[in-house]
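Asker: Please read through the structure below; I'll follow up with questions.
Just so it is clear, none of the values below were taken in a lab; they were calculated from the coordinates. What you are looking at is a predicted structure, and each value in this text was computed from that prediction instead of being measured. All Cβ positions, even for glycine, are placed from backbone atoms using ideal geometry, and neighbour counts span all protein chains on display.
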Amino acid sequence: MSRLRTTAAAAALLLALPLSVATAVPALAAPPTASTTIPAGTPAPAAARVELPRPTGPYAVGQEVLHLVDQDRPDPWVPSAGPRQLMVSMYYPAHAGTGTPAPYMTTAAAQALLDGKLPGGPIPAEAAAGTRTWAESGARPKGGHYPLVLLSPGFTMPRASLSSLAEDLTSHGYVVALIDHTYENTGTTFPDGRTLPCVMCGQLRTREAWQGLDQSRAKDASFVLDRLTDRPHPAWRHARLIDRDRIAMAGHSAGGAATVPALLTDDRIRAGVNLDGFMDLPVPESGIGGKPFLMINHAGDDKAANWNESWSRLDGWKRWLTFDGTNHGSFTDFPLFFDAYGIPQPSGTTTSSLRGLELTRRYVRAFFDLQLKGIPQPLLDGPTATDPEVRFTH
């Protein structure tokens, strides 16, 4: 078995840093923005500020953070902690200017991510917490019923790593639930001020262990759905915005791998997207009930044999795309931060951080627009001259 995901998540997603060392993040104040790439080796300006790319849809983005407790399930990684607890960021179409700027992450979570050391010197944790987002906390929702997309980040990575994707989907008329899987990332901050560590980091050494992680994440996703769609008392005050008949899931790395067990075990989840995740639990020979599935990977990785095994068993609408010139982290926000601080991308990366995010947001959104809204998407029919980086692998 070719299992290098722990190393890949550290070396590619975190750009060749050890797993115990976190990723680069923005600083607080002024230019350059995320659109400016500083040559590798250039000292990071103390006043550098990074912002996420602006959402491309017509809706403003609201955000609220939920603390959910599953009283029926002990925490799978730290049973002594009691019931499974999750932090979930809810994104929803909103009226512009009716909330306050949403933070990227807490300072404590950023400190856990940074681990205090990076090439070129430490970057203050406050910098990550001050990253410019486009969501507004507590904004007044825009009435309507919207499809719901569950988002699951990569192993070791906080939910903040998929913020740009969440914001862009929301701006096009989706509700998004972005899930932190407790004890599986570098730090999850709870309302009482505790920031819990990544207990599972470095602990997954067999395929069976990774399968257990994916199955646990599928249970997390189903629990979040239970609480969001509960009647008459859902956990979220704006749950009326959710169209219960149009629900899907997407994830990066381990989050993408978890979409397979989620689709198999929860009939409410109608479609799935795997962004560069090794399929520890392959699609069974019986398929996934005809549910649509999108797979996107970066070129030059080692998942071809693993994905081919599942590809032949997918029994619904399906696409396998490869983004040339990208790396494992290109599907997340974090390469923006490396650009701002002049930290080199992995060897072979030719696609800019902004372009990687643009492609990710556009193709994932096209898939959901097709599968959840029924809007035809020629973008998914085959290669285009405007996106030469995108190969239709199958």
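Asker: Quick check on the chain: helices-only [θ] at 222 nm, where DSSP H runs of length 4 and up contribute -39,500 (n - 2.57) each and the sum goes over total residues. Nearest 500, please. If you can, show how the numbers build up before the last one.
Answerer: On the way: 10 runs with 97 residues, N = 394.
Calculated from helices alone, the mean residue ellipticity at 222 nm is -7000 deg cm²/dmol.
Asker: Hey, another quick one. Set Lys and Arg Cβ to +1 and Asp and Glu Cβ to -1, take the dipole of the chain about its Cα centre, and tell me which of PHE338, LEU148, PHE293 lies farthest positive.
Answerer: The residue sitting farthest along the positive end of the dipole is LEU148.
Asker: Bin width 5 Å, alpha-carbon pairs only: give the P(r) of segment 74-205 as whole percents, running from 0 to the bin holding the largest distance.
Answerer: Each 5 Å bin holds this share of Cα pairs: 2, 10, 17, 21, 19, 14, 10, 5, 1, 0.
Asker: Could I ask something else about it? Exposure proxy check: ASP324, ASP280 ranked by fewest other beta carbons within 10 Å? Write down the numbers at each step before the final one.
Answerer: Details: ASP324 14, ASP280 25.
Fewest to most other Cβ atoms nearby, the residues stand as ASP324, ASP280.
Asker: Based on the mean of other Cβ atoms within 10 Å per residue, sort peptides 178-184, 240-246 so the most packed one is first.
Answerer: Numbers: 178-184: 25.6, 240-246: 16.6.
Packing proxy ranking, top to bottom: 178-184, 240-246.
Asker: Hey, any idea what the orientation-averaged projected area of the convex hull of the chain's Cα atoms comes to, in nm²? Mind dumping the intermediate values first?
Answerer: On the way: hull surface 70.7 nm².
Its Cα hull, projected and averaged over all orientations, spans 17.7 nm².
Asker: Ok, one more. Karplus couplings for segment 231-243 from phi (6.51 cos²θ - 1.76 cosθ + 1.60, θ = phi - 60°), rounded to Hz, Gly and Pro as x?
Answerer: Karplus-based 3J(HN,Hα) across segment 231-243 equals 10, x, 10, x, 6, 10, 5, 9, 4, 4, 6, 7, 8 Hz.
Asker: Which value, in debye to the nearest 20, describes the size of the charge dipole of the chain about its Cα centre when Lys and Arg Cβ atoms bear +1, Asp and Glu Cβ atoms bear -1, and nothing else is charged? Can you show the working numbers first?
Answerer: Numbers: 35 positive and 37 negative charges, 94 e Å.
Roughly 440 debye for the chain.
Asker: May I pose another question? Rounded to whole Hz and in sequence order, give me ³J(HN,Hα) for segment 378-389 from the Karplus expression 6.51 cos²θ - 1.76 cosθ + 1.60, θ = phi - 60°, writing x for Gly and Pro.
Answerer: x, 4, 9, 7, x, x, 10, 5, 6, 10, x, 6
Asker: Have a look at ALA257, GLY272, PRO79 and report the one farthest towards the positive end of the charge dipole of the chain, computed about the Cα centre with Cβ charges (Lys/Arg +1, Asp/Glu -1).
Answerer: GLY272
Asker: Project the alpha carbons of segment 309-394 onto their principal axes and report the range along each, largest first, in whole Å.
Answerer: The Cα atoms of segment 309-394 stretch 43, 29, 23 Å along their principal axes.
Asker: Name the residues whose placed amide hydrogens come within less than 5 Å of the amide hydrogen of SER137, ignoring near sequence neighbours (fewer than 5 apart) on the same chain.
Answerer: Residues meeting the amide H criterion: GLN63, THR100, ALA102.
Asker: If I model a spin label as a point 7 Å beyond the Cα along the Cα-Cβ vector, how far apart are those points for GLU285 and THR384 in nm?
Answerer: 4.0 nm
Asker: Sticking with this structure for a sec: I need the calculated FRET efficiency for the pair ASP324 and ASP226, taking r as the beta carbon distance and R₀ as 45 Å, to the nearest 0.05.
Answerer: 0.65
Asker: Then there's this: Starting from a Cα-only point model with no solvent, please compute log10 I(q)/I(0) by Debye for segment 242-394 at q = 0.17, 0.18, 0.21 1/Å.
Answerer: -0.98, -1.08, -1.40
Asker: Step through the residues of segment 106-111 one at a time and calculate ³J(HN,Hα) from phi using the Karplus curve (6.51 cos²θ - 1.76 cosθ + 1.60, θ = phi - 60°), rounding each to whole Hz and writing x for Gly and Pro.
Answerer: Once θ is set to phi - 60°, the couplings for segment 106-111 become 6, 4, 5, 5, 5, 5 Hz.
Asker: Hey, another quick one. Assuming a viscosity of 0.692 mPa s and a temperature of 37 °C, what translational diffusion coefficient in µm² per second does Stokes-Einstein assign to segment 237-312, Rh being the Kirkwood radius over Cα pairs? List each step's numbers first, then the result.
Answerer: Numbers: Rh = 13.0 Å.
The diffusion coefficient I find is 252 µm²/s.
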